[in-house]
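Undergrad: Below you will find the structure I want to go over with you.
The values are calculated or read from the model by the stated rules, or taken from the named source; none is laboratory data. From a predicted model like this one, the values you see are computed outputs, not experimental measurements. No Cβ is skipped: glycine too gets one built from the backbone with ideal geometry, and neighbour counts run over all protein chains shown.
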Amino acid sequence: MRKFVLNYLIPRILQFFLVIFVGVTITFIIPRLSPVDPVEAQINRVMMSGSQVSPEAVISLRDALTELYGLEGSSLQQYFAFWGRLLRGDLGPSLATFPTPVTTLLARAMPWTFGLLMTSIMISWIVGNILGALASYYEGNRAIQVVDVLSQAVRPIPYYIMALLLLVFFAYWWPIFPFSGAYPPGTVPNLSLSFILTVIYHSILPLLSLVVIGIGGWFIGMKSLTSNIISEDYVVYAENAGLGKNRILSQYIMRNALLPQITGLALQIGLIFSGALIMEVVFGYPGMGTLTFQAVMANDYSLIMGITLLSIVGVATMVLILDLVYPLFDPRVRHQ
Amino acid sequence: MALLHMEDVKAYYRTDAYGISRSVRAVDGVSMELYENEIYGVAGESSCGKTTLIKVISGTVKPPLRIEAGNIEYNFGAFHMDMRQIDPEEMRQNVRWKEISYVMQGSMSVLNPVRKIMRTFEDIVGTHQGIPDKKAFREQMREHVMRLGLPPDVLSLYPHQLSGGMRQRVAIALATVFNPSLIIADEPTTALDVVVQRGVLHMLKEIQAESANTVLLVTHDLAVHANVADRVGIMYAGRIVEEGPTQTIFNAPRHPYTEHLINSLPVIGDKSMKKSLGGAPPNLADPPSGCRFHPRCPLAIDICQTVNPEMVMLSDRHRAACHLVTEASQ
Amino acid sequence: MLTVFRDLLKYDGRFRVAFVLLLLIVIMALLSFVSPFDPKKTFMVPQDMPPSLEHPFGTTSRGQDLFWWMTFAVRNSLLLGIICAVVSRIIAIFVGLTAGYRGGWVDKILMSLNDSFVVLPVLPILILLSFLLRGKMSLWALGVVLGLFGWPWDGRLIRSQVLSLKERSFTRTAVYSGASPFWITMREHFPFVLPVVFATTINNMLWAIGMEVTLSVLGLSDVTVPTIGTAIYWANQHQAMVAGVWWWLAAPILVAMILFLGLYLFFSSVNEFIDPRTRLRRIGA
């Protein structure tokens, strides 16, 4: 137990903090490397966007921006101040919808992204792994060969293009799904059954675009893992001992292939998350991706900053959770 | 009647990748019998076809390996089985582990790393017999491993928590749950240190003596054969070149290869240099013509290069395949 | 090298498909050098013409011939992929070889850093960066920036290769004969790592080109430079789908699919070829 804590648990938790440290530091450095004075550029953009801003508002905006960019004092002081605000959970006010706090906007968008992301990861990881293992164990099955070819074709397509294709096919040419949003405009989100059904209906295409690519990727990974594990001694032994095919597949092959696939999921979460963001833009899904798009369009620097920071913390947390779950599946880590 | 009767069996690996096809003749015309209640040792250097022979005997032939010719027949008391005819499903249910069990080479990694030892016992017994009462079954298994001199606690551990010797003993315990007619042990002691080797061999020998079944012991280590086997077969390049009772093989070998093997064994007090055999083991994808040993044989004569020597019976259970032996016996 | 190529072409269907697709892409990229139109100029041809013999991909609402415009787009997207791949290769090889060879604390620190970059969600960070540099980020700069974020997966892979090479006897022979660690790494290990580096290069290019599409769609790259991403950006700007100018979107999507599928199949075919297990099957051991 002590070894487990020392060799596994503590390094993972340290790694979690390191990721956040590296991410936040990069986020701190980037604006300071920018050749333009971010405060003035920002004010120019807001003024040029044609919105009526009173002189007092400009002054308070300039103060807010200077504070937000943390441009007071030496670099080191700025850096610590930056951390201080973060730890207090203060991401400043949104510039486009001044003075709504960025955190409010994030809190509104996050559940949508989180829900879609979790559902798609679950479905694609489970389905992809099962199909991949079957493909390798029952080589030569026609249906599975079709899945194989499809996976190879789908796997390299960027999320954006997959989403666009689905949108064109199933919302324009054959309009069986709505082409935008998570619920019809004008509806007030509530917990009634009919609302939930609408949300599910609206989420099918966005979900599909993530799931199709995801299944392709996990399928290919699992297939190659399985074809390696098949020749492991313990599988050959189980076959010699006459165990049934299903038991060998589930308890000997998949059970062991699962371990690298969990690690693989941890390594991929950042990429999948990025994919979900861009998919949301295509479907106008009201999560963090669409919020990012709106922030870019409205020149809302503080919102982009907030989204970046939340993404870093969010993804790092998901990875940490996976790392903490992993020992439940691998006795070699658990009983060191 | 013999437990296993094999006649002129040929098993080749055929591979085909990126336009290069090859066939490796790993077992090429092997005839042999295994009797009840004996320990039969197979010896030979690495890549002489020992492992392939085991695959043929245990019925675990899978592509690219194929049996090209020959008969493999078993007599398990009650029923007769033709290995080349039997339905794989019937074989899986009635023969595997119940009649033929297997202690694999590299037993270090034959245990599923994510399953407790007890679960592996459950998998095997559950498949062939069913487990109506889990509690009674667990008690039975505890007794089984205790009888073999293992602490029953190993059952609740994971493989990585056991030492190498312990894992090998667990593998033997697994192979004997059903008291099968034939136990195949493939290099059971190779990766173990000497003291542990002794214990494992002792365990094997005791099990055999107690249940009077047949053990096929395959190892390159002649010392193991000298200590354990009743009969020994010497393999070279996919063929059995000599076979006989252990005493005879060690005291009066007839085939030049066997002779060389025996002479290279260390003898206490002997300080002379050991002669090494020239050349390398033959490539089984392109074996030498005639007697496969002829390029390395110090006694080779002309006929050895062209004609494959026939097996000659020398005494009741002693036979060898060498032209010199053929000439001498005529 | 040539025989490897011939063998793959002859015996791997995937490779044949990849070869044809990539050939199309390369021909297209080369055609840009003889293009009759300057991609920066607008209203050179009639607007919104559907695909025809004269304009194979049709024309845009900005009066550009889409086929010739896409030849530049393909060339630039490939260039971006290559820039990113070169930069990330340099970092990945350095980190992978150093961590793998030195081991101990150096390895631990480099790998923690490596894993941090693996976990970091790159897109939001890139959005932040491109947002601040909006319009000022050239294709080359974007390539380099993507390279700075695209190395960690391959760094890890190279490290694990070196770790297994370290266990082989030739490394020990080199150590005992007094070769310096640097020398062993460069002379003995680097050649073994090269195939992996090559295979992952293609994957890395795929990633970079995909990222560019994403950033361009958001209008965060230099939209005056034709790329696959900016093609989609301009189509969206002019609401091509709503206006019925479907070919404006179809052209970049088609080209992108050919490019991605071609590169990916090439990657997986080569990857299988250099896999030691397949190599064993090939020599029949």
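Undergrad: Please pick out the residue among A:317, A:292, A:308 that is hydroxyl-bearing (Ser, Thr, Tyr), more than 7 Å from chain C (Cβ to nearest Cβ) and under 16 Å from the mean Cα position of the chain (by Cα). Steps first, please.
TA: Values: A:292 fails: more than 7 Å from chain C (Cβ to nearest Cβ); A:308 fails: more than 7 Å from chain C (Cβ to nearest Cβ).
So the residue among A:317, A:292, A:308 that is hydroxyl-bearing (Ser, Thr, Tyr), more than 7 Å from chain C (Cβ to nearest Cβ) and under 16 Å from the mean Cα position of the chain (by Cα) is A:317.
Undergrad: In the set B:309, B:288, which member is surrounded by 13 or more Cβ atoms within 10 Å (Cβ to Cβ) and over 23 Å from residue B:51 (Cα atoms)?
TA: Values: B:288 fails: over 23 Å from residue B:51 (Cα atoms).
The unique qualifying residue is B:309.
Undergrad: Consider residue C:94 carefully, then state whether it is more than 20 Å from residue C:209 (Cβ to Cβ), within 14 Å of another protein chain (Cβ to nearest Cβ), in a helix (DSSP H, G or I) and not aliphatic (A, V, I, L, M). First the steps, then the outcome.
TA: Values: more than 20 Å from residue C:209 (Cβ to Cβ): yes; within 14 Å of another protein chain (Cβ to nearest Cβ): no; in a helix (DSSP H, G or I): yes; not aliphatic (A, V, I, L, M): yes.
Answer is no for this residue.
Undergrad: If we scan the stretch C:146-161, do we find a residue that is at positive phi and assigned to a loop (DSSP other than H, G, I, E, B)?
TA: Start the filter on the stretch C:146-161 by keeping residues that are at positive phi, which leaves none.
The answer is no; no qualifying residue exists.
Undergrad: May I ask you to list the residues in the stretch A:115-154 that are touching a residue at least 40 places away in the same chain (Cβ under 8 Å) and among the aromatic types (Phe, Trp, Tyr)?
TA: A:125, A:137
Undergrad: Spot the failing condition for residue C:147; the list is (1) within 14 Å of chain A (Cβ to nearest Cβ); (2) modelled with pLDDT of 90 or more, and only one is missed.
TA: All conditions pass for residue C:147, except number (1).
Undergrad: I would also like to ask the following. Are any residues in the stretch C:236-256 among the polar types (S, T, N, Q), more than 11 Å from chain A (Cβ to nearest Cβ) and on the phi < 0 side of the Ramachandran plot, and if so, which ones?
TA: The answer is C:237, and nothing else.
Undergrad: Here are A:316, A:276, A:238: which of them is within 29 Å of residue B:129 (Cβ to Cβ) and surrounded by 23 or more Cβ atoms within 10 Å (Cβ to Cβ)? Can you show your working first?
TA: Details: A:316 fails: within 29 Å of residue B:129 (Cβ to Cβ); A:276 fails: within 29 Å of residue B:129 (Cβ to Cβ).
Only one candidate passes the filter, namely A:238.
Undergrad: Another question about this same structure. Restricting attention to the stretch A:295-305, which residues are among the hydroxyl-bearing types (Ser, Thr, Tyr) and more than 9 Å from chain C (Cβ to nearest Cβ)?
TA: From the stretch A:295-305, those among the hydroxyl-bearing types (Ser, Thr, Tyr) are A:301-302; that's our starting set.
Within the stretch A:295-305, A:302 is the sole residue that qualifies.
Undergrad: Scanning the stretch C:217-237 for residues that are in contact with a helix residue (DSSP H, G or I) (Cβ under 8 Å, 6 or more places away or on another chain) and over 15 Å from residue C:66 (Cα atoms), which turns out surrounded by the most Cβ atoms within 10 Å (Cβ to Cβ)?
TA: The residue in question is C:221.
Undergrad: If you go through the stretch A:263-289, how many residues are among the hydrophobic types (A, V, I, L, M, F, W, C), facing chain C (nearest Cβ under 8 Å) and within 20 Å of residue C:236 (Cβ to Cβ)?
TA: Residues flagged as among the hydrophobic types (A, V, I, L, M, F, W, C), facing chain C (nearest Cβ under 8 Å) and within 20 Å of residue C:236 (Cβ to Cβ) within the stretch A:263-289 amount to 3.
Undergrad: How many residues does the stretch B:24-56 hold that are within 17 Å of residue B:71 (Cβ to Cβ), among the hydrophobic types (A, V, I, L, M, F, W, C) and touching a residue at least 60 places away in the same chain (Cβ under 8 Å)?
TA: Going through the stretch B:24-56 one residue at a time, the tally reaches 5.
Undergrad: Which residues, counting only those in the stretch A:128-152, are surrounded by fewer than 16 Cβ atoms within 10 Å (Cβ to Cβ) and more than 22 Å from residue A:235 (Cβ to Cβ)? Give the derivation first.
TA: Let us first name the residues in the stretch A:128-152 that are surrounded by fewer than 16 Cβ atoms within 10 Å (Cβ to Cβ), namely A:138-143, A:145-146, A:149-150.
Residues satisfying the conditions are A:142, A:143, A:145, A:146, A:149, A:150.
Undergrad: Within the stretch B:117-142, how many residues turn out to be within 17 Å of residue B:180 (Cβ to Cβ), away from chain A (no Cβ under 11 Å) and surrounded by 18 or more Cβ atoms within 10 Å (Cβ to Cβ)?
TA: Going through the stretch B:117-142 one residue at a time, the tally reaches 1.
Undergrad: Same structure, new question: Would you check if residue A:182 is crowded, with 16+ Cβ neighbours inside 10 Å and out of contact with any Pro (no Cβ under 7 Å at 6 or more places or on another chain)? Break it down stepwise before answering.
TA: Working: crowded, with 16+ Cβ neighbours inside 10 Å: yes; out of contact with any Pro (no Cβ under 7 Å at 6 or more places or on another chain): no.
When the stated conditions are applied, residue A:182 does not pass them.
Undergrad: Out of A:243, A:303, A:267, I need the residue that is surrounded by fewer than 23 Cβ atoms within 10 Å (Cβ to Cβ) and either within 20 Å of the chain's Cα centre (by Cα) or not β-branched (Val, Ile, Thr) (or both). Which one? Steps first, please.
TA: Numbers: A:243 fails: surrounded by fewer than 23 Cβ atoms within 10 Å (Cβ to Cβ); A:303 fails: surrounded by fewer than 23 Cβ atoms within 10 Å (Cβ to Cβ).
None of the others qualify; the one that does is A:267.
Undergrad: Which members of the stretch C:97-109 meet the condition of being within 14 Å of another protein chain (Cβ to nearest Cβ) and in contact (Cβ under 8 Å) with a residue 40 or more places away in the chain?
TA: Within the stretch C:97-109, the subset within 14 Å of another protein chain (Cβ to nearest Cβ) is C:105, C:107-109.
C:107 - this is the single residue of the stretch C:97-109 that is within 14 Å of another protein chain (Cβ to nearest Cβ) and in contact (Cβ under 8 Å) with a residue 40 or more places away in the chain.
Undergrad: Within the stretch B:232-330, which helices (runs of 4 or more DSSP H) (wholly inside it) include 3 or more residues that are closer than 30 Å to residue B:215 by Cβ and touching a residue at least 24 places away in the same chain (Cβ under 8 Å)? First the steps, then the outcome.
TA: Details: elements: B:246-251, B:256-263, B:323-329.
Here the list reads B:246-251, B:256-263.
Undergrad: Which residue pairs have Cβ atoms closer than 6 Å, lie 6 or more positions apart in sequence or on different chains, and pair a first residue in the stretch C:115-137 that is more than 7 Å from every other protein chain (Cβ to nearest Cβ) with a second residue that is assigned to a helix (DSSP H, G or I) and at pLDDT 85 or above?
TA: C:117/C:152; C:130/C:215; C:137/C:130
Condition check ((1) within 14 Å of another protein chain (Cβ to nearest Cβ); (2) crowded, with 16+ Cβ neighbours inside 10 Å) across all residues:
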residue	(1), (2)
C:5	yes, no
C:8	yes, yes
C:15	yes, yes
C:21	yes, yes
C:27	no, no
C:40	no, no
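Undergrad: If you go through the stretch B:169-176 one residue at a time, do you hit one that is in a helix (DSSP H, G or I) and more than 24 Å from residue B:208 (Cα to Cα)?
TA: Checking the stretch B:169-176: not a single residue is in a helix (DSSP H, G or I) and more than 24 Å from residue B:208 (Cα to Cα).
Undergrad: Pick from the stretch A:226-239 the residues that are touching a residue at least 40 places away in the same chain (Cβ under 8 Å) and within 14 Å of chain B (Cβ to nearest Cβ): which of them is nearest to residue A:251 (Cα to Cα)? Show your work before the answer.
TA: Filtering the stretch A:226-239 for residues touching a residue at least 40 places away in the same chain (Cβ under 8 Å) gives A:226-227, A:230.
Imposing the further condition that a residue be within 14 Å of chain B (Cβ to nearest Cβ) reduces the set to A:227, A:230.
On the way: A:227: 15, A:230: 12 Å.
Out of the qualifying residues, it is A:230.
Undergrad: Another question about this same structure. Enumerate the helices (runs of 4 or more DSSP H) found wholly within the stretch A:50-164, keeping only those where 1 or more residues are touching a helix residue (DSSP H, G or I) at 6+ places or on another chain (Cβ under 8 Å), more than 14 Å from chain C (Cβ to nearest Cβ) and of a type in the set (Phe, Trp, Tyr).
TA: Details: elements: A:55-69, A:75-87, A:102-137, A:142-154.
Per the criteria, A:75-87, A:102-137.
Undergrad: Just one of (1) more than 23 Å from the chain's Cα centre (by Cα); (2) within 14 Å of another protein chain (Cβ to nearest Cβ); (3) touching a residue at least 12 places away in the same chain (Cβ under 8 Å); (4) within 21 Å of residue B:186 (Cβ to Cβ) trips up residue B:170, so point out which.
TA: So residue B:170 meets the others, but not (1).
Undergrad: Here is a follow-up. Hey, among the residues in the stretch C:96-127 that are aromatic (Phe, Trp, Tyr) and farther than 18 Å from residue A:313 by Cβ, which one's surrounded by the most Cβ atoms within 10 Å (Cβ to Cβ)? Reasoning before the result, please.
TA: The initial filter retains those residues of the stretch C:96-127 that are aromatic (Phe, Trp, Tyr), namely C:101, C:105, C:117.
So of that shortlist, the ones also farther than 18 Å from residue A:313 by Cβ come out as C:101, C:105.
Values: C:101: 21, C:105: 8.
Result: C:101.
Undergrad: Could you tell me whether any residue of the stretch B:265-278 is under 30 Å from residue B:14 (Cβ atoms) and charged (D, E, K, R)?
TA: No, the stretch B:265-278 contains no residue that is under 30 Å from residue B:14 (Cβ atoms) and charged (D, E, K, R).
Undergrad: How about the stretch C:172-285: which helices (runs of 4 or more DSSP H) wholly inside it have at least 3 residues that are touching a residue at least 60 places away in the same chain (Cβ under 8 Å)?
TA: Values: elements: C:190-217, C:228-237, C:240-243, C:246-274, C:276-283.
Counting at least 3 such residues, we get C:190-217, C:228-237, C:246-274.
Undergrad: Do we find a residue being modelled with pLDDT of 90 or more, of a type in the set (S, T, N, Q) and in contact with a Leu (Cβ under 8 Å, 6 or more places away or on another chain) anywhere in the stretch C:219-234?
TA: yes
Undergrad: Taking only pairs six or more apart or across chains, which ones have beta-carbon atoms under 8 Å, a first residue in the stretch A:244-262 that is more than 7 Å from chain B (Cβ to nearest Cβ) and farther than 11 Å from residue A:222 by Cα, and a second residue that is among the small types (Gly, Ala, Ser) and surrounded by 21 or more Cβ atoms within 10 Å (Cβ to Cβ)?
TA: A:248/A:238; A:249/A:133
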